[in-house]
1. With both partners inside the chain, how many of the DSSP beta bridges are antiparallel, as a percent to the nearest 5?
2. In deg cm²/dmol and to the nearest 500, what is the mean residue ellipticity at 222 nm of the chain if only DSSP H runs of at least 4 residues count, each as -39500 (n - 2.57), divided by the residue total?
3. Quick one: accessible area per residue over the chain, 1.4 Å probe, rounded to a whole number of Å²?
4. Starting from the amide H of Leu188, placed 1.01 Å from N in the peptide plane, find each other amide H under 5 Å away whose residue is 5 or more places distant or on another chain.
5. Cα convex hull of the stretch 78-324: mean projected area in nm², to one decimal?
6. What ranking do 401-408, 190-197, 148-155 get when scored by the average of other Cβ atoms within 10 Å per residue, highest first?
7. Stretched out fully, how many nm does the piece from Gln206 to Trp418 gain, at 0.36 nm a residue minus the Cα gap?
8. Note the angle between two axes, namely the Cα long axis of helix 11-23 and the longest principal axis of the Cα atoms of the chain, as a number of degrees from 0 to 90, rounded to the nearest 10.
Amino acid sequence: MARKPLGRKFTFSRLLYRQALGLMPGGVNSPVRAFKAVGGRPIFIKEARGSKLYDVDGNAYIDYVLSWGPLILGHAHPRVVRALQEAVQRGTSYGAPTALEVRLARLVLEAYPSMAKVRMVNSGTEATMSAIRLARAFTGRDRVVKFEGCYHGHADSMLVRAGSGAATFGVPDSPGVPRSVARDTITLPFNDQEALKRVLKKQWRQIACVIVEPVAGNMGCVLPRGGFLKTLRSLTKRYGVVLIFDEVMTGFRVAYGGAQERYGIRPDLTCLGKVIGGGLPVGAYGGRAELMSLVAPEGPVYQAGTLSGNPLAMTAGIETLRQLRRKGTYEALQERARALEEGLRDAARRARVPVRLYRAGTMFCMYFTEEEVVDFATAKRADAKRFARFFHGMLQRGVNLAPSQFEAGFLSLAHTKWDIQKTVSAAYDVLRTL
Ligand SMILES: *Cc1c(COP(=O)(O)O)cnc(C)c1O
């Protein structure tokens, strides 16, 4: 990457943003991209390769956003690109079953023994929405329990104290969500098993499911405390409540078998997305045979999709998982992630800036706070203004972080030792000025 001096120019990004503002709400197609949480104006991207992102003004960045998680192999991985080029010539969608769907389903089920069957959809939002419908059908109950700061996509019932963009904007309860829907969503603090115990004891007859991000990645990166996930499992089992692990972010990321492999828990249903699409739009949900046999056309629970199981998306997913299955992949990822974590920690210490850094596999977050971050309340007390200054300083030095304190950062196989060194040294330079 060229060592550009500070004071990068963003002429074309500015121009495009001005046009975009007149054409799309906020100039973007997904809210956090608009930089509202950090101020300033978004950069427009022209292309990306490996660990690098290139904007329309010719600036290069080491990218820790990776399209918000999917690109664990890095951008435009040659094997994925080649597989897609070959696939696209055979047509882009058939609306009929393919061998590709069989192959990806098999890869997913092999990695997630808790899933007897899987259904492909087009986004993480669709996956969680469908999983919740299924849990309601299975139990004949309406209420769902979620945790504050966990984001499960933007379905109505989940836009209650959600993290991510919703957290960033401080409007966790979006207008337009019917009160009648929000009423059936119970939110509890993450890592608070006592609260769950109380709610289940009193209301279990109404509760269909408990949905959780086993490592919470939409309020930064909040790790489950020892025993939290185990207690979720045993309590839900006791009351006949469906346990849904939303592994859209953590799946194939914190381990090949996701958080359920890492922490040794078997949920009833699992939601996937991001990595399994290799950068194309995909989601999936699956779980115990008893539950999945209720999904149409095997059972009465309706769920469908014009582009579900799309051949291009399946191709990118299959090729991505194939690369991930190679020996030593997760060890290599782990090693790089540890180097970055230690480097950043050390930079903050040398710069005398109090931070809390958390990491699970290749997802991480550095909070500007002295306090342990265990839930949404503690995450929100981190200094977002300081983060914004850090973010812009890093951007000026060619490092692209997610434009909010409440987002996880990601590493890919394409990040080199040199990328990490450069990131750490940029971080030290910026931290010193905060
Ligand atoms: C990203 C994400 C979703 C939503 O996925 P989309 O593809 O953006 O709809 C749901 N749950 C979690 C945990 C996520 O990180």
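The values are calculated or read from the model by the stated rules, or taken from the named source; none is laboratory data. As the structure is a prediction and not an experimental result, all values here were calculated from the model. Reconstructed Cβ throughout: ideal geometry from the backbone, glycine too, with neighbour counts over all protein chains shown. Side chains are part of the model used for accessible areas, which takes the heavy atoms of the whole protein and leaves out ligands, DNA and RNA. Shrake-Rupley method; radii C 1.70, N 1.55, O 1.52, S 1.80 Å.
1. 60 percent
2. -11500 deg cm²/dmol
3. Heavy-atom accessible area per residue stands at 43 Å².
4. Amide H neighbours of Leu188: Lys146, Phe147, Glu148.
5. Mean projected area for the stretch 78-324: 13.0 nm², to one decimal.
6. 401-408, 148-155, 190-197
7. My answer for the length gained is 70.9 nm.
8. 40 degrees
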